[in-house]
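What follows is a short report on a single structure.
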Amino acid sequence: MPKLIIDDIPVEVAPGTSVLEAARSVGITIPHFCYHPALAIAAACRLCAVKLLDGPVKGIQMSCALPAQDGMVVSTTDPEALRMRQLVIEWLMMNHPHDCPVCDEGGECLLQDFTIAGGHSRRRYQGKKRTFQNQYLGETIHHEMNRCIECYRCVRFYQDYAGGTDFGVTGSAGRVYFGRFKEGALESPFSGNLVDICPTGVFTDKTGRFRARYWDYEFAPSVCQHCSVGCNTAPQNFQRETIKIVGRRNDQVNGWFICDRARFDKGYLNDPQRPREARLDGATCGYEDAIDAAAKAIGKFVAQNGAESLAFVASSRLSLEGMTLLAQLARTVDGARLCYFGDGAELAGSVAAARLLHEKNSAYLRDIEKAECIALYSLDLMEEGPMLALAVRKAFLAGAQIYLVDGDPIPAKQKLPFTFTAVANLDEVPFEGGGRGVVIAGAGKKDADLLDQLASGGAKLVMLQPGPNAMAGGLLTLEFGGEAFSELASAGKIKGVVCFEADLPDGLTADVEVLACADWRNSAAAVKAPVFLPTTTWVESDGTAINYEGRAQRFRRTRVSGLPLKGLDSKYYGSAADAAAEHPPRVHRKEIPGGAERDAWRVMAQLIERLGGRTIEEPLTGRWSKLKDLDPEGEGVRVFNLLQGDPRTEP
Amino acid sequence: MIPESLKKTLEARVASAITAREAAVDVMKELQAHYGWLTDEAVGEAASLLGLSPLQVEELATFYEMIYRRPVGKKVIHVCDSISCWCVDCEGIIEHLKKKLGVGLGETTADGMFTLLPCCCMGMCGDGPAMSVGDVPYGKLTPELVDEILEMERQKA
Ligand code: SF4
Ligand code: SF4
Ligand code: FES
Ligand code: FES
């Protein structure tokens, strides 16, 4: 363990740690551009200069590329080091445009920060600036090559880390160019990370350029709700609109990065067509009236048909809070049925995961990255858990053997960032000694024999889920005896249904009466329901989701609900008569236009109260109450050991 | 399209390399010799021979000074403009070459014989000013010597 002194502070770090990282560990940030913790060292930018006053090496050194050694005495503030860093900035600025005010990166730009911090403010060089032609890189990423400072972060991420082959670095010396062979959309499903990783404004998010500055954004820690991996994100909102979504570091779940779906698939959050008002028989009504009507309809239905022919149905879109209250709601309406899954096969898969996985055998990110042998069991990795493909790539680059078992051929467009051997069944995968082996199974196609085989082998398991919070659905199905809606419906066991963010296939609801529907989507059930209750999405509510490995993560409300200010219908402006008002409302009003949505669990709590149940202020009760104080900025907690009175049968 | 025989030779070259990338320069040079310069088509052919993407070939092609991604004359003149040659007035030599050939840097003579390019130090600092024409290096250049060399190279072609 090398011991050294940095700015008079004694530091001890693990062998191989760079001086830059050692300084970081005691809270000293040495300016840097090319250094990135997730990428290999390039030592390309020369900004991280420090001066070594004593020890095995002396003088000005690049701290990112210098391993900490015993006896080093490092100064990050020595005048010579400061001067060096100032000159580096000056030469980087020789070619860089001086137009931060019209650059979309401005305000969240490392170059801007370090230029100011380094004290370079006056141009001495009289020559012309070097300029480039930009390329069209698709509909999501905008390219402005003149802003490049040649740190090589983008290409190290795109090719080395993510395995992309269509973007890279061409030319040499002053002509170094980061782009594609020919113009065209970037192919990598992880290309959006270029936006986060470029320290300047070369790559910016085309879907949200020039809408707001960094300091305008409202944002909070969130968790992506597109698949069951649960990558950490930070949605950036402005005036009730989600403008951009960026990755947020969680070393246990997604490292530094997110996939392009997490980043760019956000249109539905801002959609002005989202159902935002409570409705009764097709007409807008007050929220309380709608809840009253729903409670009344439920009471009447149960009196006529009996509780067992009524089902409360949700989907994996619902938060853990909503899911636990759904069980209480079903219990309040004595004997009503509870469905967290529309589809029987999905229920079987998630319940199997909830039953089979435990603290020891449930693999997470690091287990995959460090695995020696990985079997991909009949799954479409890029669809079901794209970020895990990068974890598998890491293992692959470290020499792991990858097998695709019983898989459908992978479509050429979804090229995986590693090579694999296709085999017909799991027995052919050589999990030597059960050591560091991982099986990654998809959500579909799991029969009982296979599941036993998976669980009894020595390998750790990943069982990807059919939706973001399906693992919670599986756990609660076991706890409260949930059923699959499709099976109940086709067996003719139910006549009525109340939906909470449920995704029911059209055909299935044909023969049942939809009593009420709470959702943020215009689903088929929402259209059919006489009572409609608009709910908030995950960006507008606090909540908890449990990912494929059983990790509960808290996401925070990142903005208020309501119609985005941009494009707001003029009926919300001063008066209905001024048709085309050009300015947002000048009148003060108490309510946000279209802001009637409520969190689904709160709607359930109100219904429970109306139906004679008790008042609920905290949705996470019983064994779930331990998750009440989950830290949204933490790494989440795996629930296995946490859940006491675990009703799951031990594997 | 390259002839089958050339394709075979190149495939063998790639097969004998430990990593495909290692054979990239050889492959690009052969294709360049065939086409006269490394055309877009040649980049694509190199990519499929090497198992790389066209972009990855482009990365290498544009790095090396003697791989030409634009049409060039029969012989390319690389004239050094680095520091040692600059000390012995390479600028004068470059001006002379421009005047003599009637082209600017990066341009090709009307008869398609010569392309004039500046280049980095070619390791002939002791013999500066230096240049190469085709594959042949020349040092201790004077305007008169340059005229002679050009004449001779024109004859040889
Ligand atoms: S990239 Fe950064 S420094 Fe450059 S113009 Fe944009 S904000 Fe300013
Ligand atoms: S484009 Fe951005 S990330 Fe890539 S080298 Fe230039 S400054 Fe660095
Ligand atoms: S951060 Fe050290 S050289 Fe760039
Ligand atoms: S500087 Fe011209 S050959 Fe070295």
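The values are calculated or read from the model by the stated rules, or taken from the named source; none is laboratory data. These numbers come from a predicted model, not from an experiment. FYI the Cβ positions are ideal-geometry reconstructions off the backbone, even for glycines, and counts take in every protein chain you see. Side chains included, ligands, DNA and RNA excluded: accessible areas come from the protein's heavy atoms. Shrake-Rupley method; radii C 1.70, N 1.55, O 1.52, S 1.80 Å.
Quick notes on this structure:
- No other residue among B:V79, B:V14 is part of a strand (DSSP E or B), away from chain A (no Cβ under 14 Å) and at negative phi apart from B:V79.
- Residue in region B:44-55 that is away from chain A (no Cβ under 14 Å), surrounded by 21 or more Cβ atoms within 10 Å (Cβ to Cβ) and modelled with pLDDT of 95 or more present: yes
- Residues of region A:493-511 that turn out to be more than 14 Å from A:G342 (Cα to Cα) and either acidic (D, E) or open to solvent by less than 60 Å² (accessible area, probe 1.4 Å) (or both), as a count: 2
- Residue, nearest to the other protein chains (Cβ to nearest Cβ), within region A:44-54, restricted to residues that are more than 16 Å from ligand 1 (Cβ to nearest atom) and crowded, with 16+ Cβ neighbours inside 10 Å: A:A44
- Considering residues of region A:85-117 that are among the acidic types (D, E) and farther than 30 Å from A:K51 by Cα only, the residue surrounded by the fewest Cβ atoms within 10 Å (Cβ to Cβ): A:D99
- Among the criteria (1) within 20 Å of the chain's Cα centre (by Cα); (2) buried (at least 22 other Cβ atoms within 10 Å of the Cβ); (3) hydrophobic (A, V, I, L, M, F, W, C), the one A:M382 does not fulfil is (2).
- Failed item in (1) of a type in the set (A, V, I, L, M); (2) on the phi > 0 side of the Ramachandran plot; (3) under 26 Å from the mean Cα position of the chain (by Cα), with A:A173 passing the rest: (3)
- Count of region B:46-65 residues which are part of a loop (DSSP other than H, G, I, E, B) and farther than 25 Å from B:K8 by Cβ: 3
- Identity of the residue in region A:278-293, under 34 Å from the mean Cα position of the chain (by Cα) and in a helix (DSSP H, G or I), that ends up surrounded by the most Cβ atoms within 10 Å (Cβ to Cβ): A:A290
- Criterion: away from every other protein chain (no Cβ under 14 Å) and not in a loop (DSSP other than H, G, I, E, B) - qualifying residue of A:H120, A:H142: A:H142
- Single condition A:I298 does not satisfy, out of (1) in contact (Cβ under 8 Å) with a residue 60 or more places away in the chain; (2) on the phi > 0 side of the Ramachandran plot: (2)
- The selection criterion, being modelled with pLDDT of 95 or more, over 27 Å from A:L642 (Cβ atoms) and surrounded by fewer than 24 Cβ atoms within 10 Å (Cβ to Cβ), holds for A:P530.
- Among the strands (runs of 3 or more DSSP E) confined to region A:160-239, there are none with at least 1 residues that are open to solvent by 10 Å² or more (accessible area, probe 1.4 Å), modelled with pLDDT under 95 and more than 16 Å from ligand 1 (Cβ to nearest atom).
- On the stretch given as region A:110-129, residues that are within 16 Å of ligand 3 (Cβ to nearest atom) and in contact with a Ser or Thr (Cβ under 9 Å, 6 or more places away or on another chain) total 3.
- Per-region count, region A:1-40, residues part of a loop (DSSP other than H, G, I, E, B), under 22 Å from A:L87 (Cβ atoms) and either at pLDDT below 95 or within 16 Å of ligand 3 (Cβ to nearest atom) (or both): 8
- A:A371 being in a loop (DSSP other than H, G, I, E, B) and open to solvent by less than 20 Å² (accessible area, probe 1.4 Å): yes
- Where A:V155 falls short, out of the listed (1) part of a loop (DSSP other than H, G, I, E, B); (2) surrounded by 13 or more Cβ atoms within 10 Å (Cβ to Cβ); (3) within 14 Å of chain B (Cβ to nearest Cβ): (1)
- Number of the exception - A:I149 against (1) at pLDDT 95 or above; (2) part of a loop (DSSP other than H, G, I, E, B); (3) more than 16 Å from ligand 3 (Cβ to nearest atom): (3)
- Single residue of region B:20-43 satisfying the filter (within 19 Å of A:V169 (Cα to Cα) and open to solvent by 60 Å² or more (accessible area, probe 1.4 Å)) that is nearest to the other protein chains (Cβ to nearest Cβ): B:D40
- Here B:T115 meets each of (1) modelled with pLDDT of 95 or more; (2) open to solvent by 70 Å² or more (accessible area, probe 1.4 Å) with one exception, condition (2).
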